[in-house]
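Structure first, then comments.
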Amino acid sequence: MNGLGRQAELIAFDREHVWHPYSSALAPSTPYLVGSASGVRLRLRRRNGQVCSVIDAMSCWWCARTATQCLSWTGPPATSSGG
């Protein structure tokens, strides 16, 4: 299978199995494939096969949000002992 055929196969798999929280559930756009990553930089493969480098600024938002929730978590809610 050539590179573009493999790309189409990966995008089809993505559509069936991955939720993208910032895309429309009714009319999602075609995702970019990540060829590699190093630190905050991602190398994306565009639909036409070109490669571009971008900074991943969203994953840190999710990590910061999760860390804040974990740090402020006081444990499970108290339950009544019944009686």
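Positive contributions from Lys and Arg (+1) and negative ones from Asp and Glu (-1), summed over other residues with Cβ under 12 Å from the Cβ of residue 33, come out at +3.
For the pair residue 6 and residue 53, what calculated FRET efficiency results from E = 1/(1 + (r/R0)^6), where r is the Cβ-Cβ distance and R0 = 25 Å, to the nearest 0.05? Mind dumping the intermediate values first?
Details: r = 21 Å, r/R0 = 0.84.
That pair, residue 53 with residue 6, gives E of 0.75.
Applied to the range 29-38, the Karplus parametrisation 6.51 cos²θ - 1.76 cosθ + 1.60 on θ = phi - 60° returns per-residue 3J(HN,Hα) values of 7, 6, x, 8, 8, 8, x, 6, 8, 8 Hz, with x for Gly and Pro.
Bear in mind that the values in this text are calculations on the coordinates, not laboratory data. Since this is a predicted model, take the numbers as computed values, not measurements. Methodologically, a virtual Cβ is constructed for each residue, glycine included, from the backbone with ideal geometry; neighbour enumeration extends over all protein chains shown.
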